[in-house]
Amino acid sequence: MVTEEDIQNATVELLRKTVVKLPADVEEALRKAYASETDEVPRMQMKTIVDNIDMALKGNTPMCQDTGVTIFYAALPKDCKVDVEKGIVEGVRKATKEVPLRPNAVHPLTRKNPGDNVGERMPFINWKVHGKDYIEITVMTKGAGSENMSQLAMLTPTQGLKGIKEFILGAVLKAGSNPCPPTILGIGLGGSSDIAMKLAKEALLRPINQRHKDPEIAKLETDLLEAINMLGIGPMGLGGKTTCLGLNIEYAYCHTASLPVGLNVQCWAGRRGTVRIYPDGRTAYPTHER
Amino acid sequence: MPKVLKTPLSEEVVRGLKLGETVYMEGVVYTGRDEVHLHALEYLEKGKKLPVEFKGCALFHCGPIMRKTGDKWQAVAAGPTTSSRMNSLEPLFIEKFRPGAIIGKGGMSQPTVDAMKTYGCVYLAITGGAAVLAAQGIKSVSGVEWFELGMPEAIWILNTGNFGPLTVAMDAHGNSLYAEVNAKVKENEKKARQRLGLA
Ligand code: SF4
């Protein structure tokens with residue numbers, strides 16, 4: 001039987017791994033970007049990033065001081081009896097002290113900071129029931145520099161594909177150096193206003209070296225990525241070849257009269273992690289086994 | 001060998017820095033972001049004395065993760081925060097307090113470039129998110145002021161050595177690497193639009 005304490009411990013470990021080490025696809029993309037930069041300024045920016053991820057791993061410390069707010073995705077077995085929510089919340093509290101994580105979560109109006117990353121609806125947990133026998137918890141520790149560059153556009157169907165491209169290009173230009181480029185972009189097409197934004201963030205959970213299974217969506221992913229990397233914003237906005245490491249799109253059917261497009265901007269520190277907790281209490285961290 | 005800048009910075013040293021140059025910092029660096037700017041200007045208005053002397057200092061746009069062992073603070077991760085959030089306050093801050101260098105990420109807008117030219121200050125870009133590397137350049141933490149503003153918003157007094165690499169991204173003569181990049185991006189935008197069939 002999995003206990004609440006198992007969930008709590010797994011959450012602490014998951015958060016530690018997530019803020020210390022990047023998933024393989026992101027790390028690989030960063031190393032490639034470093035190798036591809038030729039000018040001195042962007043090369044140094046990429047070298048610093050690559051050196052930094054090595055040092056974070058070596059010292060078992062967070063790669064970036066902005067350990068974000070914790071956005072969770074939990075998938076539960078049908079007959080799950082353990083209080084997963086409580087386990088996650090207590091895990092966040094404990095991880096804030098032990099890892100440590102920066103206490104980022106504040107009241108939106110009073111800006112009061114409880115100091116433990118726990119408050120009304122935070123950590124935020126997206127729930128799903130899956131047919132498996134294990135509990136799967138995924139976390140994204142989302143920094144503000146990149147999140148603040150995210151946008152929603154409620155386009156009209158006549159604006160169509162062109163409108164989508166204009167919107168994304170415009171948002172990248174406007175974000176410029178702010179989201180710590182090279183970035184990763186998550187795009188949500190369709191649904192409704194809230195669904196488009198939710199899909200945009202979920203798109204960031206897919207490894208950036210995997211294209212969408214729908215060839216038309218996959219083509220749009222590639223087209224947008226190539227065009228964005230022609231802009232020359234470069235690492236940290238100081239110029240260079242790599243502005244975006246990867247771009248993923250997810251979609252949902254939408255109303256015939258609307259075309260919502262959500263953009264979620266992620267920085268080079270594209271941190272995401274998953275833990276599976278099996279019925280016997282065993283854990284596995286598929287994003288961090290390497 | 002890249003230049004090593006020692007704080008406090010003299011105007012002569014600051015004005016001698018070239019755009020795109022790589023430098024390292026040595027000596028005292030203060031952290032200060034949104035709240036420190038607001039607070040410091042408020043203190044000035046009320047004629048209250050500030051807990052630190054900003055003249056010739058290096059002000060670091062940073063909200064670090066600090067750990068206390070015994071009665072000593074240690075920097076765990078201390079990368080820069082997005083400087084543009086301070087765009088509206090920085091020109092006045094520079095005019096009133098005369099820091100020699102602002103360290104941050106992402107650059108700042110034209111009024112800050114202008115203030116830097118007038119009063120002799122530079123903007124040093126440190127790689128965003130590279131917090132472990134930055135923390136390594138922090139040899140010790142000698143104190144904290146305005147801690148009641150919260151860990152990320154307080155003034156942390158950092159003793160640095162070999163702190164960097166830092167890129168001179170806005171110099172004291174009105175030049176900005178960000179403005180140069182922006183001009184190029186404008187040109188490149190045409191090609192990108194063509195690639196997307198938007199031309
Ligand atoms: S945008 Fe990302 S890498 Fe940059 S400071 Fe924020 S969390 Fe760190």
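Things to note:
- Of the residues screened, B:Thr22 is one that is facing another protein chain (nearest Cβ under 10 Å), out of contact with any Lys or Arg (no Cβ under 7 Å at 6 or more places or on another chain), more than 24 Å from A:Lys174 (Cα to Cα) and away from the ligand (no atom under 16 Å from the Cβ).
- Being open to solvent by 30 Å² or more (accessible area, probe 1.4 Å), in a helix (DSSP H, G or I) and either of a type outside the set (Asp, Glu) or closer than 25 Å to A:Met46 by Cα (or both) holds for only one residue in A:Ile195, A:Ile217, and it is A:Ile195.
- Checking A:Lys78, A:Lys47, A:Lys32, A:Lys58 one by one, the residue that is more than 10 Å from chain B (Cβ to nearest Cβ), outside any loop (DSSP other than H, G, I, E, B), on the phi < 0 side of the Ramachandran plot and not aromatic (Phe, Trp, Tyr) is A:Lys32 and no other.
- Every pair of residues 6+ apart whose Cβ atoms lie under 9 Å, when the first sits in the stretch B:174-185 and is more than 7 Å from chain A (Cβ to nearest Cβ) while the second is outside any helix (DSSP H, G or I) and among the polar types (S, T, N, Q): B:Asn182/B:Ser176
- Qualifying residue in the stretch A:113-127 (condition: modelled with pLDDT under 95 and either open to solvent by less than 20 Å² (accessible area, probe 1.4 Å) or within 10 Å of chain B (Cβ to nearest Cβ) (or both)): yes
- Every test in (1) part of a strand (DSSP E or B); (2) closer than 24 Å to B:Phe147 by Cβ; (3) modelled with pLDDT of 95 or more; (4) not polar (S, T, N, Q) is passed by B:Arg67 save one, and that test is (3).
- Taking the stretch B:72-111 as the range and being within 14 Å of chain A (Cβ to nearest Cβ) and either part of a loop (DSSP other than H, G, I, E, B) or β-branched (Val, Ile, Thr) (or both) as the test, the residues that pass are B:Val76, B:Ala78, B:Gly79, B:Thr81, B:Thr82, B:Asn87, B:Ile103, B:Gly106, B:Gly107, B:Met108, B:Ser109.
- The set of residues in the stretch B:150-199 that are among the acidic types (Asp, Glu) and buried (at least 17 other Cβ atoms within 10 Å of the Cβ) comprises B:Glu153, B:Asp171, B:Glu189.
- Unmet criterion (only one of (1) away from chain A (no Cβ under 14 Å); (2) over 24 Å from B:Thr22 (Cβ atoms); (3) open to solvent by less than 30 Å² (accessible area, probe 1.4 Å)) for B:Ile65: (1)
- Residue in the stretch A:93-103 that is out of contact with any helix residue (DSSP H, G or I) (no Cβ under 8 Å at 6 or more places or on another chain), of a type in the set (Ser, Thr, Tyr) and surrounded by 15 or more Cβ atoms within 10 Å (Cβ to Cβ) present: yes
- Subset of the stretch A:157-177 [under 25 Å from A:Gly145 (Cβ atoms), touching a residue at least 24 places away in the same chain (Cβ under 8 Å) and surrounded by fewer than 24 Cβ atoms within 10 Å (Cβ to Cβ)]: A:Ile164, A:Lys165, A:Phe167, A:Ile168, A:Leu169, A:Ala171, A:Leu173, A:Lys174, A:Gly176
- Filtered residues of the stretch B:32-64 (kept if touching a residue at least 12 places away in the same chain (Cβ under 8 Å) and part of a helix (DSSP H, G or I)): B:Asp34, B:Glu35, B:Val36, B:His37, B:Leu38, B:His39, B:Ala40, B:Leu41, B:Leu44
- Among (1) more than 26 Å from A:Leu185 (Cβ to Cβ); (2) open to solvent by 20 Å² or more (accessible area, probe 1.4 Å); (3) within 16 Å of the ligand (Cβ to nearest atom) - the single one A:Thr110 does not satisfy: (3)
- Pair list, Cβ < 7 Å and 6+ apart or interchain, from the stretch B:122-150 residues that are closer than 25 Å to B:Ser10 by Cα to residues that are within 11 Å of the ligand (Cβ to nearest atom) and among the polar types (S, T, N, Q): none
- Subset of the stretch A:172-202 (residues that are within 13 Å of chain B (Cβ to nearest Cβ) and either over 18 Å from A:His212 (Cβ atoms) or not hydrophobic (A, V, I, L, M, F, W, C) (or both)): A:Val172, A:Leu173, A:Lys174, A:Ala175, A:Gly176, A:Ser177, A:Asn178, A:Pro179, A:Cys180, A:Pro181, A:Pro182, A:Thr183
- Qualifying residues in the stretch A:58-76 (those that are of a type in the set (Val, Ile, Thr) and either within 13 Å of the ligand (Cβ to nearest atom) or more than 18 Å from B:Thr127 (Cβ to Cβ) (or both)) - the one most open to solvent (accessible area, probe 1.4 Å): A:Val69
- Scanning the stretch B:126-177 for residues that are within 16 Å of the ligand (Cβ to nearest atom) and part of a helix (DSSP H, G or I) turns up B:Ala131, B:Val132, B:Leu133, B:Ala134, B:Ala135.
- Within the stretch A:99-127, the set of residues being in a strand (DSSP E or B) and of a type outside the set (Gly, Ala, Ser) comprises A:Met122, A:Phe124, A:Ile125, A:Asn126, A:Trp127.
- A:Gly131 vs. criteria within 16 Å of the ligand (Cβ to nearest atom) and in contact (Cβ under 8 Å) with a residue 40 or more places away in the chain: no
- Among the residues making up the stretch B:83-125, a single one is polar (S, T, N, Q), more than 16 Å from the ligand (Cβ to nearest atom) and crowded, with 21+ Cβ neighbours inside 10 Å: B:Thr112.
- Residue in the stretch B:147-163 that is within 12 Å of chain A (Cβ to nearest Cβ) and over 30 Å from A:Asn113 (Cα atoms) present: no
- Inspection of the stretch A:245-266 identifies no residue that is in a loop (DSSP other than H, G, I, E, B), open to solvent by less than 30 Å² (accessible area, probe 1.4 Å) and in contact with a helix residue (DSSP H, G or I) (Cβ under 8 Å, 6 or more places away or on another chain).
The values are calculated or read from the model by the stated rules, or taken from the named source; none is laboratory data. These figures come from a predicted structure and were not determined experimentally. Cβ atoms come from the backbone with ideal geometry, glycine included; neighbour counts cover every protein chain shown. Ligands, DNA and RNA are excluded from the accessible area calculation, which covers all protein heavy atoms including side chains. Shrake-Rupley method; radii C 1.70, N 1.55, O 1.52, S 1.80 Å.
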